[in-house]
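Enquirer: Have a look at this one before I ask anything.
Read-outs: derived from the displayed coordinates by stated rules, not from any lab. What you see is a predicted model, and the numbers here were worked out from it, not measured in a lab. Methodologically, a virtual Cβ is constructed for each residue, glycine included, from the backbone with ideal geometry; neighbour enumeration extends over all protein chains shown.
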Amino acid sequence: MRTTRSVLVSLFSLVAVGLAAQPAAAQPSATAELINGLNADLLYLAVPITVLVEAILIYTVLKYRNAEEASPTRENRRLEITWTIATAVVLLFVGVASYGVLANPNVTYTGDQPIAPEDDDVVVLAEAYQWGWDMQYPQHGNFSNGNTVVVPADQDVYIQVTSRDVIHAFHAPELGLKQDAMPGNVNVIKTEDLEEGTYQGYCAEFCGVAHSQMYFTVEVVPQDEYEQFVEENTQESSSGGSGSGNSTATATASN
Ligand SMILES: [Cu+2]
């Protein structure tokens, strides 16, 4: 009994130490940081539980492997109370940790919040179609940049996901961003603290024969490069262009 309890106590202290000592690894976005952080937290909790259960199982199998008959289990109130409380603590931790992440607007953006409340916030309209993406900038005359999203690294980014025809899904795994693209409906995802670089995205909802070719790219660039990109594209559309400019300002050769 005493050993069981000391084993439990040491396992939970191990978890607590593990959670406290978690390195703050740089993640490509605030969303990815939240999701991967939760994944790590739950893993730190799950590993000791797995080890404990497997150890008890192996111990029991080895110890009683020659027993002719199973001996009846005696009631052990303290053990029962221990595992009931331990389970409650584990579930409480999982619930609180998950809720904290799920309720964060960088993971679940609800309709009650205003889109892009600050001047520097960036809004991108990601419109899916069979079979491609039309990434537009509603703040700048709706110019389109084809299947490439260009956003600045240090701003809040709001992506309005919608579809022109059937159901698609916007998915940029490294950035932790995923959202359904529904015709006649706009779903918003928000993220911030982006890491400069180029990220692959794709359609994550089977939508027909060329579904597998529905790739897009997210380019996270410094603020000045983003402003230059917007300027070049708005100039093009105001000087009579079709509005489907290309991201000439995004040659990030230095990266
Ligand atoms: Cu699709």
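Enquirer: If N is the number of residues in the range 27-141, what value comes out of its Cα radius of gyration divided by 2.2 N^0.38 Å?
Expert: 1.88
Enquirer: Placing one identical point scatterer on every Cα of the range 122-250 and ignoring solvent, what is log10 I(q)/I(0) from the Debye formula at q = 0.11, 0.15, 0.21 Å⁻¹?
Expert: Evaluating at q = 0.11, 0.15, 0.21 Å⁻¹ gives log10 I(q)/I(0) of -0.34, -0.64, -1.23.
Enquirer: Here's a follow-up. Highest mean first, what order results for 216-224, 33-41, 121-129, 77-85 on Cβ atoms within 10 Å?
Expert: 121-129, 216-224, 33-41, 77-85
Enquirer: Check which residues have an amide H placed less than 5 Å from VAL124's amide H, if you skip close sequence neighbours.
Expert: TYR158, ILE159, GLN160
Enquirer: For the range 164-218, rounded, prolate or oblate, judged on the Cα gyration tensor with a ≥ b ≥ c (square roots of eigenvalues), a/c < 1.5 rounded, else prolate if a/b > b/c?
Expert: Since a/c reaches 1.5 but b/c is at least a/b, the shape of the range 164-218 is classed as oblate.
Enquirer: Please state the charge dipole magnitude for the range 122-250, taken about the Cα centre, from unit charges on C-beta atoms (+1 on K and R, -1 on D and E), reported in debye and rounded to the nearest 20.
Expert: Details: 3 positive and 19 negative charges, 128 e Å.
Computed about the Cα centre, the dipole is about 620 debye.
Enquirer: Okay, next question. Label 7 Å along Cα→Cβ of GLN200; the range 173-194 residues with amide nitrogen under 19 Å?
Expert: Only 173-179 fall inside the zone, counting backbone N under 19 Å.
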